[in-house]
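Here's the structure, in structure tokens; my notes come after.
The values are calculated or read from the model by the stated rules, or taken from the named source; none is laboratory data. In this text, all values refer to a predicted model and were calculated from it rather than measured experimentally. Note that we place each Cβ from the backbone using ideal geometry, even for glycine, and neighbour counts take in every protein chain shown.
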Number of protein chains: 2
Amino acid sequence: MLLTIDLDSEVPIYQQIRDRVVEAIADGELVEGSALPSTRQLAADLAINFHTVNKAYDLLRQQGVIRINRKSGAVVRRDAGSGPAEAGFADEWQVRLRTLLAEAAVHGLGADEALQRCGEVLGSFGTKKGTPA
Amino acid sequence: MLLTIDLDSEVPIYQQIRDRVVEAIADGELVEGSALPSTRQLAADLAINFHTVNKAYDLLRQQGVIRINRKSGAVVRRDAGSGPAEAGFADEWQVRLRTLLAEAAVHGLGADEALQRCGEVLGSFGTKKGTPA
DNA sequence: CTATCTGTTATAGTTCATCTATATCAGATA
DNA sequence: TATCTGATATAGATGAACTATAACAGATAG
């Protein structure tokens, strides 16, 4: 199974799919040109409606993560994970980062430990072998 | 104004309130014993229904951030931001951190730059003077 | 005591996001 | 031709989010 979701989660299914794909790219499991399953195929695997997968793919396309053709289906874009940061993205991203780190601080996670976990996660990216295209 | 929200945001209002309070505690603007505005007062200031504020406060209470009494209203809890991390919180938190960092990586934000921004945000916590109780 | 503020709870309604269910059309392919 | 695909339209069910009132009880100031 390329992807697993949690139907009981409060996070919408289409967003879970988006998150898993983004994480798979960061991990290196998906590389440039990697083909994602067809919407109907993935929907069948996950036992959900294909419109939900369609929404997730459309979200990934809007965010520039994948490219969708009628011929080749959904494939990971060239510059995903390698190109320069999009203009304005970093600032918007840091706002969300700040909220997440504040939550850690309030719940007793020390700054040093939080920073260490950030480093661990970042260090784990790109280490997994990509699926051969 | 203690708090600002964005009515046009996709983030629910009650969650925005929760986030702002958590960030204010991390920043040091709110310390142990700091009193939050009454639900009706804050609702009036934000021009929203007081039930929405009530939901935000109830969420903060469930997460152990504030304490609510009929006498003293909503005040920041003793151990918020200082006590040891709650059991299981760090692991659940790291899952969300991983999703956020993966998104940065995919959008071209380098690991070094991402880690630097984490450090900056963490370093900015606790520097602002607390409101005198 | 009265008035007012507070938190708490209940009910009800609207709006919208989410997800599902079908159906149709067109391009690609075996 | 048959089948897979993406793309699109419509419709319905469910629940979250937000608002609108209302009512009750404890606390407090006048």
Just give me the residues in segment B:11-35 being under 8 Å from the mean Cα position of the chain (by Cα) and either at pLDDT below 95 or of a type in the set (A, V, I, L, M) (or both), in sequence order.
-> B:I17, B:V21, B:V22, B:A24, B:I25, B:A26
Can you name every residue in segment B:23-43 that is within 11 Å of DNA strand D (Cβ to nearest atom) and surrounded by fewer than 16 Cβ atoms within 10 Å (Cβ to Cβ)?
-> B:S38, B:R40
Counted residues, segment A:84-128 - those being at the interface with chain B (Cβ under 7 Å from one of its Cβ atoms) and in a helix (DSSP H, G or I) | 23
Search result, residues across segment A:4-35 that are over 15 Å from B:V95 (Cα atoms), within 14 Å of another protein chain (Cβ to nearest Cβ) and part of a loop (DSSP other than H, G, I, E, B) = A:P12, A:G28, A:E29, A:L30, A:V31, A:E32, A:S34
Out of all the residues in segment B:59-76, is one or more under 17 Å from B:Q15 (Cα atoms), in contact (Cβ under 8 Å) with a residue 24 or more places away in the chain, in a helix (DSSP H, G or I) and within 15 Å of DNA strand C (Cβ to nearest atom)?
-> yes
From the set of residues in segment B:57-70 that are more than 8 Å from DNA strand D (Cβ to nearest atom) and away from every other protein chain (no Cβ under 14 Å), which is surrounded by the fewest Cβ atoms within 10 Å (Cβ to Cβ)?
-> B:N69
